[in-house]
């Protein structure tokens, strides 16, 4: 039964990480709904399962990542025009990471959102807010391709990512909404959002490793967390590919409905 808890939560993390419904919010919801989950260290679980999600997304976007790295250093070295677009795109990813990085450190240091971390009703509210923004942009198609992204676009998406620091706000949802508000094509906004996830997730993982090593876990616990990470990896991989098709086909209305239903139920019954 203990192992099944870790498998279940790994699956929840994997499914909800790439889609605009907040993985952290759903982990909190299930923590409150299901008995016996309060024995799990959710800080460690988040670090481990996020690592699984990171690996899945890195594999899915490996061609983009390799291309950007080659373009970035190729342009630095040669200044050849063929590398310039990838060089600029790489800088825009870095720039878009900065707002959430700075605000996140301040929030963590001052504990600004600590009082919200166990507040399930707040997750219900943020799901309703998410549904509003998804509804606004659900029919947007955009006209900008990846070569037409500007500094202003990157900063806007970066600022939208700051809102995902609030418990219950989806990072992927916030950044895709930000990209589509800036008139990026659906697929372009999707790709930028998930490549942007990688540096933020790496930073989160590095910050969480210290807690992991200081936790004095047993071998069995390491095994359970490891299995949870594998589940998160598998279901993030599947979920990301599925979500990309939904964004491409303009079917965000499914998540609008989901967020309204789940958000309302949480506010009413918790």
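Laboratory data are not the source of any read-out in this text; all were calculated from the coordinates shown. In this text the structure is predicted, and so the values were computed from the model without any measurement. Ideal geometry is used to build each Cβ from the backbone, glycine not excepted, and the neighbour counts take in all protein chains shown.
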Sequence ranges 119-125, 210-216, ranked by mean other-Cβ count within 10 angstrom, highest first: 119-125, 210-216
Between helix 171-181 and the chain: long-axis angle, C-alpha atoms, 0 to 90°, nearest 10: 30 degrees
For segment 123-270, Kirkwood radius (reciprocal of mean inverse C-alpha pair distance, Å): 16.9 Å
Alpha-carbon centroid distance for the pair segment 109-134 / segment 154-187, whole angstrom: 16 Å
Global size of segment 1-104 as Cα Rg and Dmax, reported in angstrom: 18.8, 60
For the chain: Kirkwood Rh in Å [reciprocal of mean 1/r, alpha carbons]: 19.1 Å
Shape metrics for segment 1-52, restricted to C-alpha atoms - Rg then Dmax, Å: 10.2, 30
Segment 34-165: radius of gyration and largest Cα-Cα distance (Dmax), Å: 18.9, 60
Equivalent-ellipsoid semi-axes of segment 188-264, from the Cα gyration tensor, Å, largest first: 31, 17, 13
Burial ranking of peptide ranges 148-155, 5-12 (average Cβ count within 10 Å, highest at the top): 5-12, 148-155
Residue order, fewest to most beta carbons within 10 Å, for 209, 157, 202, 40: 209, 202, 40, 157
In degrees, nearest ten, helix 253-269 long axis to first principal axis of the chain (Cα): 30 degrees
